[in-house]
Number of protein chains: 2
Amino acid sequence: MKIWLYIGLVASVVSIGVALYLFFWVKRQPPGTEKAQEVASWIREGAQTYLKRLYLALTIVAVILGFIIAVVFSFDLNEIASGQAGITPINGIRMAVAFNSGALCSAIAGYMGMAVAVEANVRTATAANESLNKAFRLSFYAGSVMGLAMVGLAVLGMTVIFLLTGDAEVILGFSFGASALALLAKAGGGIYTKTADIAADLVGKIEVGIPEDDPRNPAVVADNVGDNVGDVAGMGADIFDSYVASAVAVMLLGASANSLSVEYVILPLILCTLGIGASLLGIQFVRVGKNGKPGPALNFGTIITTLFFAVMVLALVLLSDINIGVLWATLTGLVTGVIIGFTSDYFTSEDRKPVFETARVSGSGAAINIITGFSYGLMSIVPSVIGIAAATLLSYYLSELTGLPGIYGIGISAVGMLSISGMIVSADAYGPIVDNARGIAEMAGMDHEVIVKTDKLDAAGNTAKAITKGFSISAAALTVLALFAAYAEVVTAAGIEVDMSLRDPIVVAGVFLGAMTPPLFSALTMLSVTHNAFDMIEEIRRQFREKPGILAGTEKPDYATCVGLAAQGALSSLVLPAFLAVGLPLLVGFILGPNALGGFLAGSIFTGVIFALLMANAGGLWDNAKKYIETGKFGGLGSDAHKASVVGDTVGDPFKDTAGPSLNTLITVMSLVSSLFAPIIAAFSLF
Amino acid sequence: MKIWLYIGLVASVVSIGVALYLFFWVKRQPPGTEKAQEVASWIREGAQTYLKRLYLALTIVAVILGFIIAVVFSFDLNEIASGQAGITPINGIRMAVAFNSGALCSAIAGYMGMAVAVEANVRTATAANESLNKAFRLSFYAGSVMGLAMVGLAVLGMTVIFLLTGDAEVILGFSFGASALALLAKAGGGIYTKTADIAADLVGKIEVGIPEDDPRNPAVVADNVGDNVGDVAGMGADIFDSYVASAVAVMLLGASANSLSVEYVILPLILCTLGIGASLLGIQFVRVGKNGKPGPALNFGTIITTLFFAVMVLALVLLSDINIGVLWATLTGLVTGVIIGFTSDYFTSEDRKPVFETARVSGSGAAINIITGFSYGLMSIVPSVIGIAAATLLSYYLSELTGLPGIYGIGISAVGMLSISGMIVSADAYGPIVDNARGIAEMAGMDHEVIVKTDKLDAAGNTAKAITKGFSISAAALTVLALFAAYAEVVTAAGIEVDMSLRDPIVVAGVFLGAMTPPLFSALTMLSVTHNAFDMIEEIRRQFREKPGILAGTEKPDYATCVGLAAQGALSSLVLPAFLAVGLPLLVGFILGPNALGGFLAGSIFTGVIFALLMANAGGLWDNAKKYIETGKFGGLGSDAHKASVVGDTVGDPFKDTAGPSLNTLITVMSLVSSLFAPIIAAFSLF
């Protein structure tokens, strides 16, 4: 099966190559009028300012964590236990290198996504002047730069490490690096984007009454930068992290199962390779026809990629001696992902009861809008949780029936869902690009027709986003369940008997502590948003006060200060959440022992999934209820119902764009850090 | 130790006797002016209308469930397994009788609480005309009618059943009856009270601009009735249910532990008896001095009762051969309860950061107020969860160290906390009585001075409420943990090996399904509130439209229709939540088996506790942020900040008074129904 590793290398290089080709293709497209280019350059520079600061901070974190990892993993616990010196620096160094490579690959994928997004936005707006079709193609191909770069870099990194070391545990280090970076990029980007968004809206729309994306607003650039750093770079890092984590979890499970041959260790890499192929094919099918419906085009791309992938797995199982259970597990994952995606869509679609009801009751005030939206958000948890539970049981028992270890099957179903990430991310990254294109069209004073076209493109992005969000949350849930199983295997391998029974009070205490972590993390990030927005509001007011020419349109606002303020605020808000993610599991593990830590991880998964679903769906619902009213329903724009729905939308902003999307990454990081340090925890914990 | 059962009988009869004495003492106090009496009679009649409908509905439910229980428990599973006829009708009948007795005792306690509250409210207002001291004494003694009746009836019921049958499992039936009634009374009352409150506020305060409690508002009576049915009857039923459930859980654990002698089976009844004594003593110490501070007086009562109780347990342990571990477990429970109560107070107190910050940011609009309050609500989970985890571990290991089964110790710590319920409920029931007194003073046009005094009394009630709420949530958490352990024992006794390991996917699936239940339940009850409020708003608007004399003050509004509408709406909203509580655990048990059901219960406990804390604390925080602004801070009454804080307060209303407080009862009912049906589930489940 080693041939597959080389096929993986080739596929990943091809994927990165196509991404680079598309990147330069996008850059070759007409960049538009001078005014548009100027506006785009503000956003590009703002994004670079943020990224420079973020990557500087991340480099420091990576170096420090890398050093700690190098030291800790230089100790050989077995040798120490038998009374020997037990220091093997090479083990520490290779783990640290793997960790830093993971962080670096994630950073490069995010950077490429950002770099193309800030070029594609203005070009999409310019192309929209010509035709919807052209604009759609440009923005979608720009989105696939990140999708393809991401899966390519991930497979490349994992394959190279495995070829060099042959040890799945070193890939755990790679995965931890990717996830640690993803958490900071995702949470930081989420805080940044909503700080700018809320501050820009509150002062711009409400206090001085200028429209969205008005160039007189000093925070307008920061707001548009936020769309890129939160939605493009952050989201890419997020799926990158699940993608790698699911693969490494299955590799560990494959390595620890005595009944499985070595090909099951590299099977996740094979599936990822097939997924790259399916995505490369699927992307060709994303085209809008004459009648121009971008939404169905995106969904068609996702569906056809899924089909290609399923056929490839079928062929793999038939043509090799891989167990048929792998096919069932993969199909379970894919089908569940699609079903959960579409039910999430039910709760956030304009033509369905939840959004309609929330819009309808808005006439009775903001409070009723919020209670209703929040309640539907709570209800939206139900189908996804049932789906996750069903997928867990199905993939487990179908695998057991065919002779595979059931827990390995759960992991495969996660890998199966995530294998087509190349396509999923492409469709998702498209959204913020067209959103930005709309902003530039507005700021550069383009034709109304262009704005109508970008609005149409934007609506398609929102539908795709709802579906991929459901997909990514359920994939993350299955991934962390596989990681959880891998944790138990690592602890067992360290010679500690794992008994995570709910009848053991120390496990129950662990679950309670784990269960409180996602809500606490959400609270910290959301409070950062309101806190930072408060500072930014002061800055915007100051500019309006000290330079009256801004509002008159005769003076250019100081965009850079707002960008810097948002960046500074977001980065300094990350300290406590980062400690929670890395420090708390270690604290629980060393004080209460590996069984309690197992409970802790389980608890964080349960509430992490529930809060992620609640926040994503409630936030999307409020957003769409507002948009629904803005189409003229229930009083339309400017009515009391509309004002109430704006409050709901603003509450939903940090729900869906700050706290919610970071939770996946939080639980992944906690699972990875626990597995990585499990042998040391097992050796030194108090209980 | 049988002597203790007779002492328990005497203590419970004394407690009920004192409650009746105080009831008639309250009725003998001066009922006030004719106008005040008229207003009070509206509320009294409204309350009776609601109770009549509620009890009618409950009787039907109790008869049907009682019949099912009688049939199901007539089958003797052991005999059937060995091929015999296996029908023993007497077993079924005695379980059904126990079930109905539990429901009846809970109903009587709730009814007494309501009956005295609707007499005491007008008398408190009248007494406030004379002196604060007198008004305080009257309302507190009225509150203790329910406190004492409740503990008396609970101990009486459990003791009589144990004397007659000697079987702790029959008491499980009694407990299930009490909890089933509590769930319907609590959730129904919660929906009723917030329907009326929100509708009255939205039309009254916002649309037509009349003050709170204005007699021209057609919903004002329903609103005041709501305070009684939600806060008095509902809260009483809620603690009644935890009180009985904790005792029965420990009795089951005592009966199933081979190492324990029979006295440990009746130990919870002994502790409850001592608690009754301590409460009767403690109530004597609740007095306001010359300088008139009602808040500290209530807290002093709670603290001194705790001390009396601790001394009594110390004496019990020293003078009998009861294990010293019982003392440690009891103290752990008491200390944790007090600490959690005071930390909850931190998040809802006006002079602390969370409320202050939420009030401060309100100037930036309702959305920021809500995000901030919600985030602090999420943070408020942390200290309580750590407290619960610590109490679980401490009571477990301290018991193990002294030779008691650790799990028995966890149960004892819950019983220890709840033993002083007589005092806790008295302090808690005082709150809605003075709240109502304020309403009557306003409606009957009493002096401004009276309103100032009732406001002062009301503030003390809110402090007491925050502390007892923390107390009751943590007590409920420990209770359900003990019930959870009891469930495992019952399943084991049925000959099924219980293995609730988190490594088993069916257990994980169970936990996921259990974890989604409290959010779903919250969503259903909150949506009922907005839905019913919508209907009621229409009715209020109709009355204002069709009878212009109402707003002019020349025509009396039709209060009864609003009362009826709220009652009807609340009761018909209970069908789905009730199915969730009773049907879902059985469904999970029969389909996925006893291990999955164990996971289900654990999952519901984790998120149940978390959502209960979030909703109670966020709701209290928003309420107090609004009140803080109303004292003139950050712009004061009528400012933009105030308007924003009113939105937060309205969102918090169904959080803290509808969904939040029902969650305790929900998880207790689910645990009880699982334990009760465990042998049948073990015999007939698919997995």
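The values are calculated or read from the model by the stated rules, or taken from the named source; none is laboratory data. Everything numeric in this text was worked out from a predicted model, so none of it was measured. Glycine gets a Cβ as well: all are built from the backbone with ideal geometry, and neighbour counts include every protein chain shown.
Of the residues A:Gly660, A:Gly632, the single one that is over 26 Å from the mean Cα position of the chain (by Cα) and either of a type in the set (Gly, Ala, Ser) or modelled with pLDDT of 90 or more (or both) is A:Gly632. Taken over region B:548-574, the criterion of being under 23 Å from the mean Cα position of the chain (by Cα), farther than 17 Å from B:Ala47 by Cβ and surrounded by 21 or more Cβ atoms within 10 Å (Cβ to Cβ) is satisfied by B:Ser573, B:Leu574.
Considering only residues that are of a type in the set (A, V, I, L, M, F, W, C) and farther than 19 Å from A:Leu183 by Cα, which ones fall in region A:476-491?
Our first condition is that a residue be of a type in the set (A, V, I, L, M, F, W, C); within region A:476-491, this holds for A:476-478, A:480-486, A:488, A:490-491.
A:Ala482, A:Ala485, A:Ala486, A:Ala488, A:Val490, A:Val491, listed by residue number.
Do we have any residue at all in region B:435-445 that's over 29 Å from B:Met235 (Cα atoms), in contact (Cβ under 8 Å) with a residue 40 or more places away in the chain and out of contact with any strand residue (DSSP E or B) (no Cβ under 8 Å at 6 or more places or on another chain)?
Yes.
Of A:Leu597, A:Leu574, A:Leu586, A:Leu592, all but one fail to be closer than 29 Å to A:Gly387 by Cβ and among the hydrophobic types (A, V, I, L, M, F, W, C); the exception is A:Leu597.
Run down A:Thr49, A:Thr59 and say which single residue is surrounded by 17 or more Cβ atoms within 10 Å (Cβ to Cβ), in a helix (DSSP H, G or I) and hydroxyl-bearing (Ser, Thr, Tyr).
On the way: A:Thr59 fails: surrounded by 17 or more Cβ atoms within 10 Å (Cβ to Cβ).
The unique qualifying residue is A:Thr49.
Which members of region A:359-375 meet the condition of being hydroxyl-bearing (Ser, Thr, Tyr) and within 7 Å of another protein chain (Cβ to nearest Cβ)? Break it down stepwise before answering.
Going through region A:359-375, the residues hydroxyl-bearing (Ser, Thr, Tyr) turn out to be A:362, A:364, A:372, A:375.
Of everything in region A:359-375, those that are hydroxyl-bearing (Ser, Thr, Tyr) and within 7 Å of another protein chain (Cβ to nearest Cβ) turn out to be A:Ser364, A:Thr372, A:Ser375.
Figure legend. Inter-residue proximity from region A:265-285: first residues at pLDDT 95 or above, second residues among the basic types (Lys, Arg), beta-carbon distance below 8 Å, spacing 6+ or different chains. No pairs are indicated.
Has region A:482-496 got any residue that is within 14 Å of chain B (Cβ to nearest Cβ), outside any helix (DSSP H, G or I) and free of Cβ contacts under 8 Å to residues at least 24 places away in the same chain? Write out each step before concluding.
We begin by selecting, within region A:482-496, every residue within 14 Å of chain B (Cβ to nearest Cβ); these are A:482-492, A:496.
Filter again for outside any helix (DSSP H, G or I), leaving A:496.
Within this subset, residues satisfying the condition of being free of Cβ contacts under 8 Å to residues at least 24 places away in the same chain are none.
Looking for residues that are within 14 Å of chain B (Cβ to nearest Cβ), outside any helix (DSSP H, G or I) and free of Cβ contacts under 8 Å to residues at least 24 places away in the same chain, one finds none in region A:482-496, hence no.
Using the structure shown, decide if A:Leu156 is of a type in the set (A, V, I, L, M) and at pLDDT 95 or above. Walk me through it before giving the result.
Numbers: of a type in the set (A, V, I, L, M): yes; at pLDDT 95 or above: yes.
The answer is yes for A:Leu156.
Looking at A:Gly110, is it out of contact with any His (no Cβ under 7 Å at 6 or more places or on another chain) and surrounded by 24 or more Cβ atoms within 10 Å (Cβ to Cβ)? It is true that A:Gly110 is out of contact with any His (no Cβ under 7 Å at 6 or more places or on another chain) and surrounded by 24 or more Cβ atoms within 10 Å (Cβ to Cβ). Every condition in (1) surrounded by fewer than 20 Cβ atoms within 10 Å (Cβ to Cβ); (2) in a helix (DSSP H, G or I); (3) more than 14 Å from chain A (Cβ to nearest Cβ); (4) not basic (Lys, Arg) is met by B:Leu587 except one, and the failing one is (3).
No other residue among B:Val647, B:Val669, B:Val673, B:Val582 is within 14 Å of another protein chain (Cβ to nearest Cβ) and among the aliphatic types (A, V, I, L, M) apart from B:Val647. Among B:Thr525, B:Thr517, B:Thr561, B:Thr554, which is modelled with pLDDT under 90 and either assigned to a helix (DSSP H, G or I) or closer than 30 Å to B:Ser685 by Cα (or both)? Criteria check complete, one pass: B:Thr561. Comparison of A:Asp167, A:Asp231, A:Asp214, A:Asp238 shows that the only residue that is more than 29 Å from A:Val14 (Cα to Cα) and not polar (S, T, N, Q) is A:Asp214.
Based on what the data block shows, is A:Ile339 touching a residue at least 60 places away in the same chain (Cβ under 8 Å), more than 14 Å from chain B (Cβ to nearest Cβ) and surrounded by fewer than 21 Cβ atoms within 10 Å (Cβ to Cβ)?
On the way: touching a residue at least 60 places away in the same chain (Cβ under 8 Å): no; more than 14 Å from chain B (Cβ to nearest Cβ): yes; surrounded by fewer than 21 Cβ atoms within 10 Å (Cβ to Cβ): yes.
So A:Ile339 does not fit the description; no.
Only one of these is touching a residue at least 40 places away in the same chain (Cβ under 8 Å), part of a helix (DSSP H, G or I) and more than 20 Å from B:Val13 (Cβ to Cβ): B:Ala149, B:Ala115, B:Ala128, B:Ala109. Name it.
Details: B:Ala149 fails: more than 20 Å from B:Val13 (Cβ to Cβ); B:Ala115 fails: more than 20 Å from B:Val13 (Cβ to Cβ); B:Ala109 fails: more than 20 Å from B:Val13 (Cβ to Cβ).
Step by step, each of B:Ala149, B:Ala115, B:Ala128, B:Ala109 is checked, and only B:Ala128 is touching a residue at least 40 places away in the same chain (Cβ under 8 Å), part of a helix (DSSP H, G or I) and more than 20 Å from B:Val13 (Cβ to Cβ).
The residue that is farthest from A:Ile276 (Cα to Cα), among those in region A:148-183 that are buried (at least 24 other Cβ atoms within 10 Å of the Cβ) and aromatic (Phe, Trp, Tyr), is A:Phe176.
Of A:Gly636, A:Gly648, A:Gly564, which residue is in contact with an Asp or Glu (Cβ under 9 Å, 6 or more places away or on another chain), closer than 28 Å to A:Val220 by Cα and in contact (Cβ under 8 Å) with a residue 24 or more places away in the chain? Walk me through how you get there before you give the answer.
On the way: A:Gly636 fails: in contact (Cβ under 8 Å) with a residue 24 or more places away in the chain; A:Gly564 fails: in contact with an Asp or Glu (Cβ under 9 Å, 6 or more places away or on another chain).
None of the others qualify; the one that does is A:Gly648.
Of all residues in region A:397-414, those that are touching a residue at least 24 places away in the same chain (Cβ under 8 Å) have Cβ atoms under 6 Å from Cβ atoms of residues that are assigned to a loop (DSSP other than H, G, I, E, B) and not charged (D, E, K, R), 6 or more apart or on another chain, in A:Thr402/A:Asn323; A:Thr402/A:Ile324; A:Leu404/A:Asn323; A:Pro405/A:Ala257.
Considering region A:156-187 alone, what residues qualify as being of a type in the set (Phe, Trp, Tyr) and more than 17 Å from the chain's Cα centre (by Cα)?
Step one: list which residues in region A:156-187 are of a type in the set (Phe, Trp, Tyr), which gives A:162, A:174, A:176.
Result: A:Phe162, A:Phe174.
Of all residues in region A:18-46, those satisfying the criterion of being surrounded by 14 or more Cβ atoms within 10 Å (Cβ to Cβ) and in a loop (DSSP other than H, G, I, E, B) are A:Gln29, A:Pro31, A:Gly32, A:Thr33.
On inspection, B:Val425 passes the criterion of being within 20 Å of the chain's Cα centre (by Cα), buried (at least 22 other Cβ atoms within 10 Å of the Cβ) and either within 14 Å of chain A (Cβ to nearest Cβ) or closer than 30 Å to B:Glu350 by Cβ (or both).
Results for (1) under 28 Å from A:Gly652 (Cα atoms); (2) touching a Pro at 6+ places or on another chain (Cβ under 6 Å), shown as yes or no for each residue.
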site	(1), (2)
A:Val490	no, no
A:Pro519	yes, no
A:Ile550	no, yes
A:Glu555	no, no
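Please count how many residues of region B:497-545 are small (Gly, Ala, Ser) and at the interface with chain A (Cβ under 7 Å from one of its Cβ atoms). Counting residues in region B:497-545 that are small (Gly, Ala, Ser) and at the interface with chain A (Cβ under 7 Å from one of its Cβ atoms) gives 5.
Which one of these is surrounded by 17 or more Cβ atoms within 10 Å (Cβ to Cβ) and touching a strand residue (DSSP E or B) at 6+ places or on another chain (Cβ under 8 Å): A:Ser15, A:Ser74, A:Ser101? Steps first, please.
Details: A:Ser15 fails: touching a strand residue (DSSP E or B) at 6+ places or on another chain (Cβ under 8 Å); A:Ser101 fails: touching a strand residue (DSSP E or B) at 6+ places or on another chain (Cβ under 8 Å).
Unique residue meeting the criteria: A:Ser74.
The single condition among (1) farther than 30 Å from A:Lys35 by Cβ; (2) away from chain B (no Cβ under 14 Å); (3) part of a helix (DSSP H, G or I) that A:Val450 does not meet is (1). Scanning region B:377-418 for residues that are more than 7 Å from every other protein chain (Cβ to nearest Cβ), surrounded by 24 or more Cβ atoms within 10 Å (Cβ to Cβ) and either at positive phi or of a type in the set (Ser, Thr, Tyr) (or both) gives B:Ser380, B:Ser384, B:Ser395, B:Ser399, B:Tyr408, B:Ser413. Report the residue count in region B:609-634 for those that are away from chain A (no Cβ under 11 Å) and in a helix (DSSP H, G or I). Qualifying residue count for the region: 16.
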